[in-house]
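The values are calculated or read from the model by the stated rules, or taken from the named source; none is laboratory data. If you're wondering where the values come from, they're calculated on a predicted model, not measured in any experiment. Here the Cβ positions follow ideal geometry from the backbone for every residue, glycine too, while neighbour counts run over all protein chains shown. Each accessible area value is taken on the protein alone, full model and side chains, heavy atoms only, with ligands, DNA and RNA left out. Shrake-Rupley method; radii C 1.70, N 1.55, O 1.52, S 1.80 Å.
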Amino acid sequence: MSALPPSPITPTVDFERDGVQHGFLRLPYSRDDSAWGSVMIPICVICNGEGPTALLTGGNHGDEYEGPLALYELARTLDPKDVTGTVIIVPAMNYPAFRAGSRTSPIDKGNMNRSFPGRPDGSVTEKIADYFQRELLPRADIVFDFHSGGKTLDFVPFCAAHTLLDKEQEKKAFAAVEAFAAPFSMRMTEIDTDGMYDTAAEQMGKVFVTTELGGGGTARAETVRIARRGILNVLRHAGIVDGAVEKSQTQWLDMPSGDCFAFAEDEGMIETMIDLGEKVEEGQVVARIHSTGRTGTAPQEIKARMSGLLAARHFPGLVKAGDCVAVLAVEVD
Ligand code: ZN
């Protein structure tokens, strides 16, 4: 395999220097309104001597806000005196998408979480992914990536990690999830792992933790409080920030199979039949999709393929064929 060219991204921060630095990952992007212009992705490095490194990201999808709200504040308030090691904060990872308030980048339609390992000579989104893949992830001991439902999904607030082949790595990830202390803690199953940041970090052997904290293209007071308390808890748990983990009750959930997911087979107007967090029995109708082109048509019923609780739902009032309508999860001890 031929060696990849170096990343076109230049950091304006020094990852080895003690103290607080607020800077940018500068990515050259020549365009109509800026001939020799760049995308300036905000980054903060808080470093105090030897110790583990945490890499914290929000805005992997640009319409999810708990992560950016927690991380811009953490960058502004975390005192290096309370730190042992290094905290690297990128509050809006897909910065062009975040600026546009959209899931994917308006420049190249790139979905950051389907772009890994990226390419140094690819699109803007692929160049950012490549920089994380080759420059930032290798520095990290623990990787935390905030997500929420964005404009089209809404979730019960949970912190999550994946079931892994390496049980030692998996145990460390679930211990960090427990420390985050969201109302729910999830053993998460993905629909499609190819190109995910999660997979890239896990394949490097990193402790990878993520969240789904709400959604609908906004953030709620409660979910922001959960995000801010949780990320400090994870840093305390990792021994990077001084102080004890602020414990809180969490209910563990599992997504045991693909039966968790329900998809629309027709377009129409969605009527959710149960609310987030409510229990459901196998065979129960979780949502109905009403066709709106004519009157007198019976709605399509979406039935639960397993018993559990409603962990996520489609957010906007109209659905298209193929939209994810509901996600179920099972309570575990
Ligand atoms: Zn997301």
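Do we have residue 223 as open to solvent by 20 Å² or more (accessible area, probe 1.4 Å), more than 26 Å from residue 51 (Cβ to Cβ) and in the same structural domain as residue 148 (by TED's automatic domain parsing) here?
Considered against the rule, which asks whether it is open to solvent by 20 Å² or more (accessible area, probe 1.4 Å), more than 26 Å from residue 51 (Cβ to Cβ) and in the same structural domain as residue 148 (by TED's automatic domain parsing), residue 223 comes out as no.
Does residue 305 satisfy being closer than 30 Å to residue 174 by Cβ and not in a strand (DSSP E or B)?
yes
So which residues in the range 43-84 are away from the ligand (no atom under 16 Å from the Cβ) and aliphatic (A, V, I, L, M), if there are any at all?
43, 45, 46, 54, 55, 74, 75, 78, 83
Condition test on residue 195, is it crowded, with 24+ Cβ neighbours inside 10 Å, in contact (Cβ under 8 Å) with a residue 60 or more places away in the chain and not in a helix (DSSP H, G or I)?
Here the answer is no, as residue 195 does not meet what is asked.
Since residue 59 meets every condition but one in (1) open to solvent by 20 Å² or more (accessible area, probe 1.4 Å); (2) touching a helix residue (DSSP H, G or I) at 6+ places or on another chain (Cβ under 7 Å); (3) not in a helix (DSSP H, G or I), which condition does it not meet?
The failed condition is (1).
Counting only residues that are open to solvent by 20 Å² or more (accessible area, probe 1.4 Å), away from the ligand (no atom under 14 Å from the Cβ) and in contact with a strand residue (DSSP E or B) (Cβ under 8 Å, 6 or more places away or on another chain), give me the helices (runs of 4 or more DSSP H) lying completely in the range 85-192 with at least 2 of them.
167-180
May I ask you to verify whether residue 280 is closer than 30 Å to residue 77 by Cβ, open to solvent by less than 50 Å² (accessible area, probe 1.4 Å) and touching a strand residue (DSSP E or B) at 6+ places or on another chain (Cβ under 8 Å)?
In short, no.
When you look at residue 239, is it modelled with pLDDT of 95 or more, surrounded by fewer than 17 Cβ atoms within 10 Å (Cβ to Cβ) and in the same structural domain as residue 52 (by TED's automatic domain parsing), yes or no?
Details: modelled with pLDDT of 95 or more: yes; surrounded by fewer than 17 Cβ atoms within 10 Å (Cβ to Cβ): yes; in the same structural domain as residue 52 (by TED's automatic domain parsing): yes.
So residue 239 passes the test.
Among the listed residues 205, 215, identify the single one that is in a loop (DSSP other than H, G, I, E, B) and under 14 Å from the mean Cα position of the chain (by Cα).
215
If residue 228 satisfies every condition in (1) open to solvent by 50 Å² or more (accessible area, probe 1.4 Å); (2) within 16 Å of the ligand (Cβ to nearest atom); (3) part of a helix (DSSP H, G or I) but one, which is the exception?
Unmet for residue 228, out of (1) open to solvent by 50 Å² or more (accessible area, probe 1.4 Å); (2) within 16 Å of the ligand (Cβ to nearest atom); (3) part of a helix (DSSP H, G or I): (2).
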